[in-house]
Amino acid sequence: MFVKFLPVIQKVLKRTWDNSHILYTYDIFISKLNEDHTSEKVSDSRFRNLLKGYKEDKESLIISNEEKSKKIIESSSKIKNVNQFMNIIKKYTDIKVLAAKIQNGFIDMIIVHELVYEEMIRKQQVNIHYKFIGKLTTE
C-alpha cells in the first residue's frame with residue numbers, strides 16, 4: 001500500500017528541486033537586470049516591467065515549493081502509519097477467530113449503526129477504524 005506514495009514523493013521532490021533551481025536562476029537574472037539598469041543598458045520602464053514579472057514568478061514558485069513540502073510531509077506521515085500497521089498485521093497472518101487480543105492490537109474502534117430494513121432486506125452499516133490507517137466501511 002505504501003509503495004504507491006513513493007512515486008508521488010519522488011515526483012514532488014523533483015519538482016521542488018526544479019523550482020529551487022529556477023529560483024536561483026531568477027536571482028541571477030534580477031542581479032544582471034539591476035546591473036544593466038545601473039549601466040543604463042535597460043530603460044526604466046523595461047526594468048520595472050521585467051523586475052515585476054520576475055518577482056511575481058519567484059513568489060509563485062516559493063508558494064509552490066511550500067505546498068510541495070507539505071505534500072511530502074503528508075505522504076511521509078502516511079507511509080509511517082502504513083508501516084506501523086503492517087508491523088502489527090505481520091503478527092497475525094493466519095487469523096481464524098477475532099480474539100480480543102487481536103482486535104486490541106490493530107483496531108481502534110468498531111461502530112455498528114442501527115439496523116435498517118430496505119425492501120424486506122436487513123442492512124446494517126459497520127465502520128471499522130484501524131490503528132494508523134483509519135476507517136474502512138462495509139455494509
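Over 29 Å between Cα atoms, which of 14/131; 70/131; 71/101; 70/135 qualify?
14/131; 71/101
Please give the net charge around residue 108, taking every other residue with its beta carbon less than 14 angstrom from that of residue 108, where Lys and Arg add +1 and Asp and Glu add -1.
Neighbour charge sum, excluding residue 108 itself: +2.
Within a Cβ distance under 14 Å of residue 23, other residues only, what is the Lys/Arg minus Asp/Glu net charge?
With Lys, Arg at +1 and Asp, Glu at -1, the net is -2.
Most exposed first by the Cβ proxy, i.e. fewest other Cβ within 10 Å, how do 129, 37, 21 rank?
Least to most surrounded, the residues fall as 21, 129, 37.
If I model a spin label at residue 111 and residue 49 as a point 7 Å from the Cα along the Cα→Cβ vector, what separation in nanometres do I get?
Taking the two extended label points, one gets 5.9 nm.
Please sort 110-116, 74-80 by packing, taking for each peptide the average over its residues of neighbouring beta carbons within 10 angstrom, highest first.
Descending mean neighbour count gives 74-80, 110-116.
None of the figures in this text is laboratory data; all of them are computed from the coordinates on show. All values reported here derive from a predicted model rather than from experimental measurement. Virtual Cβ from ideal backbone geometry, glycine too; neighbours counted across all protein chains shown.
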